[in-house]
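Written below as structure tokens is the structure these notes are about.
The values are calculated or read from the model by the stated rules, or taken from the named source; none is laboratory data. Bear in mind the structure is a predicted one, so any value in this text is a computation, not a measurement. Neighbour counts are summed over all protein chains in view; Cβ atoms, including those assigned to glycine, are modelled from backbone coordinates with ideal geometry.
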Amino acid sequence: MPKLLLIDDDNSLTELLGSYLTDQGFSIKVAKDGSEGFRFMFDYRPDLVILDVTMPKRDGWETLKRIREVSDLPVIMLTARDDELDILRGFSMGADDYVTKPFSFAQFSARIRAVLSRSDRLDERGPNHIQVGDLRLELHTKQVWRGEERIALTPTELKLLTVLMNRAGEVVSSEDIVRDVWGPQYAGELGHVRRYIWHLRNKIEPDPENPTYVHNERGFGYRFQPL
């Protein structure tokens, strides 16, 4: 049974959402603020964190920062604002998805399963590693190396890199990337690709402004091919 840590100070939402997700087969632990949630993360050892942005004591941004300092645990951010800057901020800090209130519980449950699936698929049997140029992805240990330098990626970034490296030299459309990385329920959210490509470049590229690995083939998609 997947374990979820829900960090939100909205008692009505946590009660309703927690009950729904329990019925969907998840185990739920609720924290009322970021400080409590950070403590629960070590005691409860969840498979995924659902994190509200606006909370007392320690808000979602500070909590996400603390989580990413110690863990690559999948995180879904919740917010009442549908603001592009907030979304970009969440992705840049390592969030795996971003959901705006109010939302459909059924769709939210599907997104949780999609994020968990992206993380799980990295453990599937297959080659131990993928290497293109001096970039090496070790699938079983979920580690990425550029030469001798280790690069820390979130589960979603790892899945995106895996998809691109598995098709090195090919042009992969945004639609294919969304389907293979996020799943069919994200079909209309092509903005995820642009945002995550930008963040991936900032981590793996020696010079993100002049990409060495991930290239934009305007109007067609993206190609992974070291120059």
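Do we find that K159 is on the phi > 0 side of the Ramachandran plot, modelled with pLDDT under 90 and of a type in the set (K, R) in this structure?
Working: on the phi > 0 side of the Ramachandran plot: no; modelled with pLDDT under 90: yes; of a type in the set (K, R): yes.
It is false that K159 is on the phi > 0 side of the Ramachandran plot, modelled with pLDDT under 90 and of a type in the set (K, R).
Condition check ((1) farther than 23 Å from T156 by Cβ; (2) of a type outside the set (D, E, K, R)) across all residues:
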position: S12; (1), (2): yes, yes
position: T22; (1), (2): yes, yes
position: G37; (1), (2): no, yes
position: V49; (1), (2): no, yes
position: D52; (1), (2): no, no
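Assess whether A110 counts as being part of a loop (DSSP other than H, G, I, E, B) and either polar (S, T, N, Q) or under 15 Å from the mean Cα position of the chain (by Cα) (or both).
no
Evaluate the following for F26: is it in contact with a Leu (Cβ under 9 Å, 6 or more places away or on another chain), aromatic (F, W, Y), assigned by TED's automatic domain parsing to the domain that holds P102 and buried (at least 19 other Cβ atoms within 10 Å of the Cβ)? Even if it seems obvious, please write down each step before you answer.
Numbers: in contact with a Leu (Cβ under 9 Å, 6 or more places away or on another chain): yes; aromatic (F, W, Y): yes; assigned by TED's automatic domain parsing to the domain that holds P102: yes; buried (at least 19 other Cβ atoms within 10 Å of the Cβ): yes.
Judged against the criteria, F26 is a match.
Residues of region 73-98 being among the acidic types (D, E) and under 12 Å from the mean Cα position of the chain (by Cα), which ones?
D96, D97, listed by residue number.
Do we find a residue being closer than 20 Å to R118 by Cα and either crowded, with 16+ Cβ neighbours inside 10 Å or in contact with a Gly (Cβ under 7 Å, 6 or more places away or on another chain) (or both) anywhere in region 212-221? If you could, list the steps in order and put the result at the bottom.
The initial filter retains those residues of region 212-221 that are closer than 20 Å to R118 by Cα, namely none.
Within region 212-221, none of the residues are closer than 20 Å to R118 by Cα and either crowded, with 16+ Cβ neighbours inside 10 Å or in contact with a Gly (Cβ under 7 Å, 6 or more places away or on another chain) (or both).
Need the failing condition index for D123 against (1) at pLDDT 80 or above; (2) closer than 30 Å to M1 by Cβ, just the number.
Going through (1) at pLDDT 80 or above; (2) closer than 30 Å to M1 by Cβ one by one, D123 breaks only (1).
Out of the residues in region 92-102 that are touching a residue at least 12 places away in the same chain (Cβ under 8 Å) and in a loop (DSSP other than H, G, I, E, B), state the one that is nearest to K65 (Cα to Cα).
Of everything passing the filter in region 92-102, M93 is nearest to K65 (Cα to Cα).
Return the pair list, or none, for Cβ contacts closer than 8 Å from residues in region 191-202 that are part of a helix (DSSP H, G or I) to residues that are of a type in the set (D, E, K, R), at least 6 apart or on different chains.
Y196/E157; H199/E157; L200/E157
Across region 168-184, what is the number of residues that are surrounded by 14 or more Cβ atoms within 10 Å (Cβ to Cβ) and either under 20 Å from S117 (Cα atoms) or in contact with a Ser or Thr (Cβ under 8 Å, 6 or more places away or on another chain) (or both)?
9
Give me a count of the residues in region 10-49 that are outside any helix (DSSP H, G or I) and in contact (Cβ under 8 Å) with a residue 40 or more places away in the chain.
Here the count works out to 8.
State which residue is farthest from P2 (Cα to Cα) when the search covers only region 69-89 and only residues that are assigned to a helix (DSSP H, G or I) and either among the polar types (S, T, N, Q) or in contact (Cβ under 8 Å) with a residue 40 or more places away in the chain (or both).
L88
Within the group G60, G90, which residue is small (G, A, S), crowded, with 17+ Cβ neighbours inside 10 Å and out of contact with any Phe, Trp or Tyr (no Cβ under 7 Å at 6 or more places or on another chain)?
Answer to the selection: G60.
Restrict the check to region 192-212 and report whether at least one residue is at positive phi and at pLDDT 90 or above. Steps first, please.
The initial filter retains those residues of region 192-212 that are at positive phi, namely none.
Checked region 192-212: no residue is at positive phi and at pLDDT 90 or above.
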